[in-house]
1. Of Y715, Y16, which has the most accessible area and how do the rest follow, probe 1.4 Å?
2. Can you pull the Rg over Rh of segment 633-708, Cα-only, Kirkwood?
3. What percentage of the solvent-accessible surface of segment 615-685, computed with a 1.4 Å probe over protein heavy atoms, is contributed by carbon and sulfur atoms?
4. Starting from the Cα gyration tensor of segment 575-733, take the square roots of the eigenvalues, sort them a ≥ b ≥ c, and report rounded, prolate or oblate (rounded when a/c is under 1.5, otherwise prolate if a/b is larger than b/c, else oblate).
5. By how many nm would the segment from Q614 to E545 lengthen if fully extended, with 0.36 nm per residue of separation less the alpha-carbon distance?
6. Kindly identify segment 568-619 as rounded, prolate or oblate by the Cα gyration tensor criterion: order the square roots of the eigenvalues as a ≥ b ≥ c, call it rounded if a/c is under 1.5, otherwise compare a/b with b/c, prolate if a/b is larger, else oblate.
7. Can you give the accessible area per residue of segment 555-701, in Å², using a 1.4 Å probe?
8. Run the 1.4 Å probe and let me know the accessible area of C268, rounded to the nearest 10 Å².
Amino acid sequence: MISSRIETAVETVTVYRRGARVVRSAVIEAGPEGFPAEISVPGLPLCIDDSSVRVRFEARGKGPAPEAREVRIGLDAAPKDSSLPPPRDEEIESARLAKSRLEAEIERIERLMEALQGLSVEPRPAPKAGTPPGPLPTEARITLLDFRRKRLEAADRDLRKKSEELDAASRKLEELEFRKETSSTALAAREHETRKSVVVRIAGLKGPAEAVLKIEYLVPGATWAPSYILRFDRLFSKAALSVRASVCQRTGENWKAARLALSTAEPCSWTELPKLPALKIGRAQPEKRPAGWRDLPAGLEALFADYDAARITVPPLPAPAVPSELSAPSRPPLGRAAAAEEPEEDEDSFEEEAESECLTGAEPAVECCFEASAAMMDELPPQSVAPPEAAPMRRSMPAPSMLSSMPPPAAAAGASMSKKGFARMEKEYAAPQPPPPQYADPGDLLAFGNLRLRGPDEPGRGKLKALSRGDALRDLPGARGVAGLEAAADWISRAVSAAQSAADAALPPGLARPASPDGFDYAFACDSPADVPSDGAYHTVSVREIEAVSSMTYVSVPRESADVFRSAEVINPADAPLLPGPADVIAGGDFLMTVPMGVVGPGGRLEIGLGVEQGVKVARNTSFSEQSGGLLGGKLGLLHRIEIEVANNLAAPATVEIRERIPVRREGDKEVEVEVSECKPPWKEFNQREVPVRGAYGWRVRIEPGGREKLLAAYNIRISSKKEISGGNRREN
């Protein structure tokens, strides 16, 4: 059956933390007899996961959509794509030669201009003493100067023209070299390269006039990292949040005008459901295997007993003719009649003969190891005995695994081998069979589509094994028809390793790989299509633009510094969390800084420090006094007074937050008392989220443009008059 080739285009791509899910689509038109019975989709990357391929049809118009009944993965030679190749070496060499010629022309013109500049009018020679000066060749001088001027002007025009051509040639050469350096790995395949293809058999050929074919598959070698842009106006009253993503992929195909979705999840993961073991009273029960697991049948080696016997004894030849590849023994088998005609050989001579045949390197006949007894020959059917004149039958020595599963030859009645010869043979060939390979992960044996049954001559025969990448490649339909299969196998190995290395590529400075906040995974859909070439580099794509509500607060801790810091507060307007990543802050079109951003949930508040604000000034003054207290003057009061003045020199109202801290006593210390005696305006206790601080308070005031605000606070420390605070009683400076 001839398959119709259908060209598809990348429609949507979901980029995970490692890997991506690609959806390709194409429109199929029905002919006079309906849809084709089988279609082929070529040009797919070699690194796709074959088990992840999904195919479906969507109807366009009236009638049911066709159904995909069978999907096969094969190899196919990809056609060339004229839009993808990088510049040829001949084109780059031609541009380099053109640049060299222009440089040589400019050098020649510059030398000519230097020579023209050297043309000068010779001064009038001095006359001899007592003689008048000679005639002056004015016309010749004017002609020379005019010639020099005209040639210099022409040379200057040529120099400007050649300089412009040299600039254009330099730009062209740089562009060609840049295209060659950054050329995509998804280049058009040459004749010896291969790609994968999907062959789909269609059921329901009669239907609408058109149908949409969609193919979905997983590819490794893709990753992404989030980043942001925060744009404020001049007054920091409005904000716009731009969510971006740096996408890196080396899958072997370019994503052109694809709708991207960025996910924090893994494309595939194994999760064991929790199982509650039952507590039973009674006889112990055998451990249950996981779903899909079946124990090997008992007596598996017994299934190969006949095969092993056929490998060691003389197999009966089919009647009536003997195949040309096989030949009969060189001497007649030892039946009763044949044994009577041949002279008897003692055991030692037979043993020496067998030993000499084995030592000389000649391939021994069957009889050098075993000879059938007369009783066994009587049981053979007449047609199974080969004629005496046939050529000798040869065979290779059976493997140790075959011999170990056989009964010893001495068990056969009438065996003519001596005990000494059999002991030597058993010692040399009857080695213990190596144990079959064990699988650390039973999940490999649950991938039924990738399992093959081991042959009778392989270790662990009769058991399933997982195919390697090379074996799976050779099993694909069309593998034998593709030229250079071995080269393709090497190329696919390099492609997969390169794709896996793209996921482990070094991130640009400041970026962080996406994570699952609070154990939940999210997907961010891009608002517009994007192009991501398969070059292993990070490309920035825009995810979405969101308007946000922001407010500016000016924070100062005058106890430590007189600087006032700007802090912008933005509420996350998205319905998904903002992941950790760098954020570029732009105010009024001017770039301010890049700040790191943590996880912010939907509706959460994002605080961004924007540096020092020179338009808001803070001054702090303190005073201290001591006074006695108590009935008998046994208490000493240490009165501290704090005065803070805030001035707003901005053109807009400013919300200023002033943070202060007063001493606190140790827990259990009853001899020290700390009391706030005065506070104007009232302050509130400040709870720091990062590191809790005891005794922290703060004012939050709004100051109009050009306005001033005074803040006052006083606290009293009472201690015994016989004691003094370590470091001095004065706490404020």
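1. On the way: Y715 0, Y16 30 Å².
In descending accessible area the options line up as Y16, Y715.
2. Values: Rg = 16.4 Å, Rh = 15.1 Å.
My calculation puts Rg/Rh at 1.08.
3. On the way: 2080 of 4350 Å².
Roughly 48 percent of what the probe reaches on segment 615-685 is carbon or sulfur.
4. Values: a/c = 3.21, a/b = 1.90, b/c = 1.69.
Judged from the Cα gyration tensor, segment 575-733 comes out prolate (a/c at least 1.5, a/b above b/c).
5. Working: separation 69, 0.36 × 69 = 24.84 nm, distance 3.14 nm.
Between Q614 and E545, full extension yields an extra 21.7 nm.
6. Numbers: a/c = 2.43, a/b = 1.80, b/c = 1.35.
Prolate.
7. On the way: 8270 Å² over 147 residues.
Result: 56 Å² per residue.
8. About 90 Å², ignoring ligands and nucleic acids.
The values are calculated or read from the model by the stated rules, or taken from the named source; none is laboratory data. The model shown is predicted, which means the values in this text are computed figures rather than measured ones. Neighbour counts run over all protein chains shown; Cβ positions are idealised from the backbone, glycine included. Please note that ligands, DNA and RNA were not included when accessible areas were found on the heavy atoms of the full protein model with its side chains. Shrake-Rupley method; radii C 1.70, N 1.55, O 1.52, S 1.80 Å.
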